[in-house]
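The values are calculated or read from the model by the stated rules, or taken from the named source; none is laboratory data. Note that the structure is a prediction, hence the values are computed from the model and not measured. Cβ sites come from the backbone with ideal geometry, for glycine too, and all protein chains shown count toward neighbours.
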Ligand code: PFF
């Protein structure tokens, strides 16, 4: 139990399950795992399409600001709580509040975050399933020479077919369960050590392919030339919301991963590294995608269909389209899996903390429940497309289960948890504990962090929260 000595949080609060608390094997292991969590569908699917919808460069600039001013401080705060608490998000918050004599109402930060991770994984896995299905579609040459209408039909018939969706959702969840069940080092670290390098290589191959088109410069300009006339208030808010999602914040995930972080690793440096990696991947994904879209005379602002409808048309028209199309969807699946394992971890860690529950049972209980919840998302896309569970409230009129899960996590839980985390670390967490976890003395870096997390971050999140609700 050397970890108990490494992690000062645990000696006072060790639970009585008699289980060892594992740790990431190195700083690099944590960076890869946290980057794996951050880099996902958000980077490769969502970032390019919201950038397309919001006109490119100016939006990217605002997004970068949001990452720096709001994303990085909240990531630092979450990892600080996780490492200090040394347990699942709920129990870490319980440990911290108990030790410092704070109100136990703060524990809901952990609970709400975990609830969000459950809801998100239930639909994230369904979308991961679409990507799995598209590897096959591409490899089988279904995009080659297909008309825009045919590719549109391919996508809409996938969404209309609950059995196919269920099949791919199940395959995706099974992969995630297999990795998580084997534990931190022989499951997650091992998988991440293979998947993350693969992801980087695939991404670079895709960027290289995009460079071989004659529209690379156009794609580059679209991403990096700011045109502020195209930026709207809604665009700014989208950028902030996405900064949360893409860095995996407000869901207990960084707390759970932080609980396995050895004491000697600097939280600030790793959080900055992870955010930079995540941002680079999003930008590279943009550089891989937009040149292909422009080279084939397609629309950059196509919305969520950019990856599943616009891009396949491009692959179908280009030489090498079968190979590069398949590689692209493999890249998407790899990115989604490393995020999905991080979404399952908080719940599994919490189950494991209960007496008599092994890692395997914890993973099966968590994984199967979330898989079952995913069926609601599948049905929302077809058979239950007209079922609106909260239709009696005007705000939720017309929203399916899937829409509600997405809405509740993105607009309510994530910002609320982010806000509460910032307030907790900025104003309530015991000073010595915060300073100790921050681990860079109490000089300028600490003072700046405290200023941002006390005032700037909460104010920014509050503005978005209120705007989204009004
Ligand atoms: N950050 C992931 C992405 O960009 O796709 C998604 C995600 C993973 C969100 C884990 C939240 C989370 F807790």
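Does residue 188 satisfy being under 22 Å from the mean Cα position of the chain (by Cα), outside any loop (DSSP other than H, G, I, E, B), within 15 Å of the ligand (Cβ to nearest atom) and surrounded by 15 or more Cβ atoms within 10 Å (Cβ to Cβ)? Yes, satisfied. Criterion applied to 456, 375 was being surrounded by fewer than 20 Cβ atoms within 10 Å (Cβ to Cβ), in contact (Cβ under 8 Å) with a residue 60 or more places away in the chain and more than 30 Å from residue 70 (Cα to Cα), and the one residue passing it is 375. Among the residues of segment 216-253, those that are within 17 Å of residue 69 (Cβ to Cβ), within 12 Å of the ligand (Cβ to nearest atom) and assigned to a helix (DSSP H, G or I) comprise 241, 242, 243, 244, 245, 246. Only a single item in (1) modelled with pLDDT under 95; (2) part of a helix (DSSP H, G or I); (3) buried (at least 24 other Cβ atoms within 10 Å of the Cβ) is not met by residue 256, and it is number (1). Assess whether residue 284 counts as being within 16 Å of the ligand (Cβ to nearest atom), over 30 Å from residue 22 (Cα atoms), in a helix (DSSP H, G or I) and at pLDDT 95 or above. Taking the combined requirement at face value, the residue satisfies it. When segment 157-167 is examined, which residues are found to be part of a helix (DSSP H, G or I) and surrounded by fewer than 23 Cβ atoms within 10 Å (Cβ to Cβ)? Listed by number, the residues that qualify are 157, 158, 159, 160, 162, 163, 164, 166, 167.
Here is a yes/no grid of residues against (1) at pLDDT below 90; (2) surrounded by 15 or more Cβ atoms within 10 Å (Cβ to Cβ); (3) within 16 Å of the ligand (Cβ to nearest atom):
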| position | (1), (2), (3) |
| --- | --- |
| 385 | no, no, no |
| 395 | yes, no, no |
| 404 | no, yes, no |
| 407 | yes, yes, yes |
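If only one of 31, 76, 90 is under 15 Å from residue 279 (Cα atoms) and touching a helix residue (DSSP H, G or I) at 6+ places or on another chain (Cβ under 8 Å), which one is it? The unique qualifying residue is 31.
Looking only at residues of segment 320-332 that are surrounded by fewer than 24 Cβ atoms within 10 Å (Cβ to Cβ) and within 12 Å of residue 132 (Cβ to Cβ), we find that the one that is nearest to the chain's Cα centre (by Cα) is 330.
One line per residue, one yes/no per condition, for (1) closer than 30 Å to residue 309 by Cα; (2) in contact with a strand residue (DSSP E or B) (Cβ under 7 Å, 6 or more places away or on another chain); (3) surrounded by 20 or more Cβ atoms within 10 Å (Cβ to Cβ):
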| residue | (1), (2), (3) |
| --- | --- |
| 76 | no, no, yes |
| 79 | no, no, yes |
| 82 | no, no, yes |
| 88 | no, no, yes |
| 95 | no, no, yes |
| 98 | no, no, no |
| 101 | no, no, no |
| 111 | no, no, no |
| 116 | yes, no, yes |
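For (1) part of a helix (DSSP H, G or I); (2) modelled with pLDDT of 95 or more; (3) within 15 Å of the ligand (Cβ to nearest atom), each residue gets a yes or a no:
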residue	(1), (2), (3)
29	yes, yes, no
37	yes, yes, yes
47	yes, no, yes
55	no, no, no
65	yes, no, no
72	yes, yes, yes
77	yes, yes, yes
82	yes, yes, yes
87	no, yes, no
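Taking segment 325-348 as the range and being more than 13 Å from the ligand (Cβ to nearest atom) and within 10 Å of residue 180 (Cβ to Cβ) as the test, only 348 passes.
For (1) outside any helix (DSSP H, G or I); (2) under 12 Å from residue 315 (Cα atoms); (3) in contact (Cβ under 8 Å) with a residue 40 or more places away in the chain, each residue gets a yes or a no:
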residue	(1), (2), (3)
119	no, no, yes
124	no, no, yes
129	no, no, yes
132	no, no, yes
136	no, no, no
141	yes, yes, yes
145	yes, yes, yes
150	no, no, no
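Anything in segment 264-280 that is surrounded by fewer than 24 Cβ atoms within 10 Å (Cβ to Cβ) and within 15 Å of the ligand (Cβ to nearest atom)? List them, or say none. Listed by number, the residues that qualify are 275, 276, 277, 279, 280.
Filtered by the rule that a residue be part of a loop (DSSP other than H, G, I, E, B) and in contact (Cβ under 8 Å) with a residue 60 or more places away in the chain, segment 426-444 gives 429, 430, 439.
Exactly one residue among 261, 199, 175 is touching a residue at least 12 places away in the same chain (Cβ under 8 Å), on the phi < 0 side of the Ramachandran plot and surrounded by fewer than 20 Cβ atoms within 10 Å (Cβ to Cβ), and that residue is 175.
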